[in-house]
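Structure first, then comments.
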Amino acid sequence: MDSKPWEVAVVSSSIEHRQDVAGMLFRLGLDPICLSSVDQCRELRARPNLGLVFCDRRVKDGDYRDVLSVVNATDAQRLENEAKVVMMADLDTPEEYHQARQHGLFDVIPSPCRATDVEWMVIQAKRNRRPAKELLTPSRNLSLLWRAAGAGA
């Protein structure tokens, strides 16, 4: 799908949780970066190939909103390809889910995580990885295709 290097991070204050999710990602052929705090997430800014971050609702020095703001701090490398952040948490109401998405989360998966949920987030994040410029520039002359299909007549 995408031949560029792609990195994934797991942010959790619980070493067991980090190890569980990292193991799931490793079985998918990924070698995740494991972090335990928002402060440690600052090192992710220097990684232009970061594509996906799994984080707990709360970590020892902040929450998912802090992780979002650190991971996707505006810089030239991130403008084209922002990392997707997935929160690992059980939410009580649909309103909590919508509020989390409005803060900029890519999605929310239940915690403790299931391998199928982690894999689905990897698939979705890779699928949505194409830069905005690429999505806006069609590779074919669509008007010719439209006419050839008889739809434009």
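The values are calculated or read from the model by the stated rules, or taken from the named source; none is laboratory data. Here the structure is a predicted model, which is why all the values come from computation and not from measurement. Methodologically, a virtual Cβ is constructed for each residue, glycine included, from the backbone with ideal geometry; neighbour enumeration extends over all protein chains shown.
Which of the residues belonging to segment 101-153 are out of contact with any helix residue (DSSP H, G or I) (no Cβ under 8 Å at 6 or more places or on another chain), among the small types (Gly, Ala, Ser) and at pLDDT below 90? The answer is Ser139, Ser143, Ala148, Ala149, Gly150, Ala151.
Under 7 Å by Cβ, and 6 or more places apart or on different chains, what pairs join a residue from segment 4-24 that is among the polar types (S, T, N, Q) and at pLDDT 95 or above with one that is surrounded by 17 or more Cβ atoms within 10 Å (Cβ to Cβ) and in a helix (DSSP H, G or I)? From residues that are among the polar types (S, T, N, Q) and at pLDDT 95 or above, the pairs are Ser12/Arg18. Taken over segment 1-54, residues that are in contact with a Pro (Cβ under 7 Å, 6 or more places away or on another chain) and polar (S, T, N, Q) amount to 1. Restricted to segment 42-59, and to residues there that are part of a helix (DSSP H, G or I) and out of contact with any strand residue (DSSP E or B) (no Cβ under 6 Å at 6 or more places or on another chain), the residue that is surrounded by the fewest Cβ atoms within 10 Å (Cβ to Cβ) is Ala46. Considering only segment 98-121, state which residues are among the small types (Gly, Ala, Ser) and crowded, with 19+ Cβ neighbours inside 10 Å. Those that are among the small types (Gly, Ala, Ser) and crowded, with 19+ Cβ neighbours inside 10 Å: Ala100, Ser111.
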